[in-house]
């Protein structure tokens, strides 16, 4: 089981800005890790992915005996999440690369609406050339509910979905699924259907439901403003 002392190194493909290589490692002291990446003791933010200098990465590999060879790729460091313990790779931060490879039929993103023009939450600029070339089908929708306990009752959300040609039926099904879930309440069946629409296999849905969803260690909203 992953704890607050488990961390992840990720190598990023510069063309797609997707995670291409990853490794999970454990430290005896989080404060010691902070010292190796130029942070004050106790200042590591679990919500942040820190881009590392080569010297930072070298110190981490040497001190914590991490086997990780990213080549010339940029590397980020973040705290491990429950999904990092799954026996398969989740799509988050890999959506574009997987769709280009044809292994992901649908990608769904969401942000608060109106959005902040200074911050691109949804990576539309990366997807747009492939939409223009006809490789992806794009759809946008504005919704008024997202099961966000911290948002006000009038908060709206903007969904952006991308499907491979021939798979655009998944967009309509995904939007209907969430509209129904917002009205009736989310449940395990909806969770499983969402996974299938996003391209996960049934055995992966089984593992996710058992390890993550039923345990309650990962709330649905924790991934709602990111990609799937």
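Please state which one of 111, 191, 167, 118 is surrounded by 15 or more Cβ atoms within 10 Å (Cβ to Cβ) and out of contact with any strand residue (DSSP E or B) (no Cβ under 9 Å at 6 or more places or on another chain).
Every option except 191 fails the conditions.
Just to be sure, is residue 60 within 15 Å of residue 162 (Cβ to Cβ) and either buried (at least 16 other Cβ atoms within 10 Å of the Cβ) or in the same structural domain as residue 163 (by TED's automatic domain parsing) (or both)?
Details: within 15 Å of residue 162 (Cβ to Cβ): no; either buried (at least 16 other Cβ atoms within 10 Å of the Cβ) or in the same structural domain as residue 163 (by TED's automatic domain parsing) (or both): yes.
Against the criterion (within 15 Å of residue 162 (Cβ to Cβ) and either buried (at least 16 other Cβ atoms within 10 Å of the Cβ) or in the same structural domain as residue 163 (by TED's automatic domain parsing) (or both)), residue 60 does not qualify.
For the range 1-26, how many residues are in contact with a helix residue (DSSP H, G or I) (Cβ under 8 Å, 6 or more places away or on another chain), closer than 30 Å to residue 126 by Cα and in a loop (DSSP other than H, G, I, E, B)?
Of the residues in the range 1-26, 2 are in contact with a helix residue (DSSP H, G or I) (Cβ under 8 Å, 6 or more places away or on another chain), closer than 30 Å to residue 126 by Cα and in a loop (DSSP other than H, G, I, E, B).
Among the helices (runs of 4 or more DSSP H) confined wholly to the range 27-137, which include 2 or more residues that are out of contact with any helix residue (DSSP H, G or I) (no Cβ under 6 Å at 6 or more places or on another chain) and closer than 30 Å to residue 196 by Cβ?
On the way: elements: 30-36, 54-64, 95-101, 124-132.
In the range 27-137, the matching helices (runs of 4 or more DSSP H) lie at 95-101, 124-132.
If I filter the range 81-90 for residues that are in contact with a strand residue (DSSP E or B) (Cβ under 7 Å, 6 or more places away or on another chain) and in contact (Cβ under 8 Å) with a residue 60 or more places away in the chain, do I get at least one hit?
To start, the set of residues in the range 81-90 that are in contact with a strand residue (DSSP E or B) (Cβ under 7 Å, 6 or more places away or on another chain) comprises 84.
With the extra rule that they be in contact (Cβ under 8 Å) with a residue 60 or more places away in the chain, the set shrinks to 84.
So far as the range 81-90 goes, yes, one or more of its residues are in contact with a strand residue (DSSP E or B) (Cβ under 7 Å, 6 or more places away or on another chain) and in contact (Cβ under 8 Å) with a residue 60 or more places away in the chain.
Going through the range 152-166 one residue at a time, which ones are modelled with pLDDT of 95 or more, more than 14 Å from residue 100 (Cβ to Cβ) and part of a loop (DSSP other than H, G, I, E, B)?
166
The values are calculated or read from the model by the stated rules, or taken from the named source; none is laboratory data. Predicted model, so just to flag it, every value in this text is computed and none were measured. As a convention, Cβ positions derive from the backbone with ideal geometry for all residues, glycine included, and neighbour counts pool all protein chains shown.
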